[in-house]
Structure formats: C-alpha cells, structure tokens
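Heads up: the structure comes next, in structure tokens.
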Amino acid sequence: MYVQHNHWLVAWLQRKLGNRSDAADLAQDTFTRIWAGGKTDSIEEIREPRAYLTTVAKRLLVNHLERRSLEQAYLASLHLLPQAHGLSVEDRAILLETLQELDALLDALPAKVRTAFLLSQLEGMSYEEIAAKLQLSVRTVTRYMAQGFRQCLQVMLNA
C-alpha cells in the first residue's frame, strides 16, 4: 500500500498545504496511523485505499492546521508584548510545553468538538456565532463545549 500510494498521497497533501516537507511528514503519519490502528491482514483488504488514505490524512491535516494556527497565535501575541516585557527563554519553554499539553488535550476530542471549543476559547465567538459558522444548532454547540470543558477538567484532575 505504501509503495503504491505514498507518492500520490504526498502530492495530494502538498496541494492542500503548499509545502512538500509538511506533506511528506503528514503522509508518513497517515501510514503510521493506519498500520498502528489495524491488523496487517485487514490493511490488505481495503477496497478503496486512496479514499481510506484521504479520510485518515484529512483528520491529520486538520490537527496539523489547528496546531499551526495555535503556534501562529502564540507568536503573534509575543510580537504584541513590549520589548521590556518579553518572555525569558525559560518562560517561553514553559509556555511552549503548556501549549503542547493543550494540543494533546484537544487532540483527544472529536474534530467538531475541538473546532467549536477553539472558536469559543481562542476566537471569543459566542455559541450562536459558532453554531452559524459550523452549521450546527446552539444546543449542539453547548453539548460540544461541555464535552471540551469535561476533557479539560479530567486532565486537570489526573495531573
């Protein structure tokens, strides 16, 4: 499967990302995710491998883009700080570690829940605005937000 479809998948991801290096990394992650999650016998039985690869790659692509967005927001906020109040190297390391932990926490959520949660917490959007943007009901957004907050609370209690 890898030999037959890796080149195609990298090209598909490169069109989405505009970056061959990231596309190659995501393609590798896609195959790793498939092999880690399935039995080798069942992989050979996939009837539409490109459709399957696309589905897995899209999920990883969303995670990648959300992580990139989070990093860009962090860098943008650093540029807004006055020079005298810039973060020390140690503070930056702590902040980056916290962001990585946050990313892992959010990665455990389903994609729609994660998107709604990020729109609320990072973009400051109301539940009504999120519902309109994601074409969901406000009730569904409320459920998604509750799920996101439960995930945060669970991580805090387990720490």
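Please tell me if THR142 is part of a helix (DSSP H, G or I), in contact with a Phe, Trp or Tyr (Cβ under 7 Å, 6 or more places away or on another chain) and outside the structural domain of SER77 (by TED's automatic domain parsing). Spell out how you get there, then give the answer.
Details: part of a helix (DSSP H, G or I): yes; in contact with a Phe, Trp or Tyr (Cβ under 7 Å, 6 or more places away or on another chain): yes; outside the structural domain of SER77 (by TED's automatic domain parsing): yes.
It is true that THR142 is part of a helix (DSSP H, G or I), in contact with a Phe, Trp or Tyr (Cβ under 7 Å, 6 or more places away or on another chain) and outside the structural domain of SER77 (by TED's automatic domain parsing).
Search region 61-109 for residues being under 10 Å from the mean Cα position of the chain (by Cα) and not in a helix (DSSP H, G or I), and hand back the single one that is modelled with the lowest pLDDT. Step through it out loud before you land on a result.
Quick first cut of region 61-109, residues under 10 Å from the mean Cα position of the chain (by Cα) only: 61-70, 103-104, 106-109.
Cutting the leftovers down to not in a helix (DSSP H, G or I) gives us 108-109.
Numbers: ALA108: 82, LEU109: 86.
This residue is ALA108.
I'd like to verify a number: residues in region 110-129 that are of a type outside the set (Lys, Arg) and assigned to a helix (DSSP H, G or I), how many? So that I can check it myself, show each step before the final result.
If we filter region 110-129 for residues that are of a type outside the set (Lys, Arg), which is where we start, we get 110-111, 113, 115-129.
Those still in the list that are assigned to a helix (DSSP H, G or I) too: 111, 113, 115-121, 127-129.
The number of residues fulfilling the criteria is 12.
The values are calculated or read from the model by the stated rules, or taken from the named source; none is laboratory data. These figures come from a predicted structure and were not determined experimentally. Positions of Cβ are generated from backbone atoms using ideal geometry, with glycine treated the same way; all protein chains shown enter the neighbour counts.
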